[in-house]
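K.L.:
Structure below; questions to follow.
The values are calculated or read from the model by the stated rules, or taken from the named source; none is laboratory data. Everything numeric here is computed off the predicted structure, so don't read it as measured data. Glycine gets a Cβ as well: all are built from the backbone with ideal geometry, and neighbour counts include every protein chain shown.
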Amino acid sequence: MNLKDTIRTIPDFPKPGIMFRDITTLMTNRAAFAESVKKLADPYRNENIDNVAGIEARGFVFGAAVALELGAGFVPIRKKGKLPFDTYEQNYELEYGSDTLEIHADAIRGQERVLLIDDLIATGGTTEAAVHLLRKAGSNIIGAGFVIDLPELGGLQRITNMGIPVTALVAFDGH
């Protein structure tokens, strides 16, 4: 199956010049969704993953499914103010401003083996913030997986430079 064919492209969203990669069309295609989860999990089947961490919001969908596939727990990485217990937080820069991600301080116990999952990587800023959070929590990050990569924005290389092996299922030119 060609997963790329199941992802809708919407020109000029959210602003002119942007080619938005709409992954909801992949998620509503049961065969494509199942295949993407399997392919995200495959490189890590023999890695004894304790937890899969997913970045809000679509990273929750793929991360939780990959966690089930690997027999692991799931750790949500959320926007600031959404978690009810003690948290670690990490600020990061966006194209127009900044934001903050949080993780429960007790989400990772010791040197648990963690896989980080999100739907898309562009510049890698959000993923980099998630890596910092997971490291603050004491995790041993085994890898990071994404359904979509926008290679010309350099996010995969940015995360690789942090010492994290990365995989992406499909790549789209442009952004």
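K.L.:
Quick one: Ser98 ticks every box in (1) at pLDDT below 95; (2) crowded, with 20+ Cβ neighbours inside 10 Å; (3) of a type in the set (Gly, Ala, Ser) bar one, so which box is it?
P.N.:
Every listed condition holds for Ser98 apart from (2).
K.L.:
For residues that are in contact (Cβ under 8 Å) with a residue 24 or more places away in the chain and either hydrophobic (A, V, I, L, M, F, W, C) or more than 15 Å from Ala41 (Cα to Cα) (or both), tally how many sit in the range 161-170.
P.N.:
Residues in the range 161-170 being in contact (Cβ under 8 Å) with a residue 24 or more places away in the chain and either hydrophobic (A, V, I, L, M, F, W, C) or more than 15 Å from Ala41 (Cα to Cα) (or both): 6 in total.
K.L.:
Conditions first: (1) at pLDDT 95 or above; (2) in a loop (DSSP other than H, G, I, E, B); (3) out of contact with any Lys or Arg (no Cβ under 6 Å at 6 or more places or on another chain); (4) closer than 23 Å to Leu101 by Cα. Ile49 passes all but one, so which condition is the exception?
P.N.:
Only one criterion is unmet by Ile49, namely (3).
K.L.:
Scan the range 159-175 for residues that are surrounded by 15 or more Cβ atoms within 10 Å (Cβ to Cβ) and either among the hydrophobic types (A, V, I, L, M, F, W, C) or in contact with a Ser or Thr (Cβ under 7 Å, 6 or more places away or on another chain) (or both) and report the count.
P.N.:
Adding up the residues that qualify gives 8.
K.L.:
Residue check, Asp106 against (1) in contact with a helix residue (DSSP H, G or I) (Cβ under 9 Å, 6 or more places away or on another chain); (2) assigned to a loop (DSSP other than H, G, I, E, B); (3) acidic (Asp, Glu), all met but one. Which one?
P.N.:
Among (1) in contact with a helix residue (DSSP H, G or I) (Cβ under 9 Å, 6 or more places away or on another chain); (2) assigned to a loop (DSSP other than H, G, I, E, B); (3) acidic (Asp, Glu), Asp106 violates only (1).
K.L.:
Which of (1) in a loop (DSSP other than H, G, I, E, B); (2) in contact with a helix residue (DSSP H, G or I) (Cβ under 7 Å, 6 or more places away or on another chain); (3) hydrophobic (A, V, I, L, M, F, W, C); (4) under 30 Å from Ser98 (Cα atoms) is the odd one out, the single condition Phe13 does not satisfy?
P.N.:
Every condition holds for Phe13 apart from (2).
K.L.:
In the range 105-127, how many are in contact with a Ser or Thr (Cβ under 7 Å, 6 or more places away or on another chain), of a type in the set (Asp, Glu) and under 18 Å from Phe60 (Cβ atoms)?
P.N.:
1
For (1) touching a strand residue (DSSP E or B) at 6+ places or on another chain (Cβ under 7 Å); (2) touching a residue at least 12 places away in the same chain (Cβ under 8 Å); (3) farther than 18 Å from Tyr44 by Cβ, each residue gets a yes or a no:
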| site | (1), (2), (3) |
| --- | --- |
| Phe62 | yes, yes, no |
| Val66 | yes, yes, no |
| Glu69 | no, yes, no |
| Leu101 | yes, yes, yes |
| Ala107 | yes, yes, yes |
| Ile121 | yes, yes, no |
| Lys136 | yes, yes, yes |
| Ser139 | yes, yes, no |
| Asp173 | no, yes, yes |
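K.L.:
How many residues, within the range 1-56, are more than 30 Å from His104 (Cα to Cα), surrounded by 14 or more Cβ atoms within 10 Å (Cβ to Cβ), of a type in the set (Val, Ile, Thr) and touching a residue at least 60 places away in the same chain (Cβ under 8 Å)?
P.N.:
1
K.L.:
Still on this structure: May I ask you to verify whether Asp42 is closer than 19 Å to Val166 by Cα, at pLDDT 95 or above and either in a helix (DSSP H, G or I) or not polar (S, T, N, Q) (or both)?
P.N.:
yes
K.L.:
Against the definition (assigned to a loop (DSSP other than H, G, I, E, B) and within 14 Å of the chain's Cα centre (by Cα)), how does Thr127 come out, yes or no?
P.N.:
For Thr127, the condition - assigned to a loop (DSSP other than H, G, I, E, B) and within 14 Å of the chain's Cα centre (by Cα) - is not met.
K.L.:
Could I ask something else about it? In the list Ala64, Ala122, which residue meets the criterion of being within 21 Å of Gly163 (Cα to Cα) and of a type in the set (A, V, I, L, M, F, W, C)?
P.N.:
Answer to the selection: Ala122.
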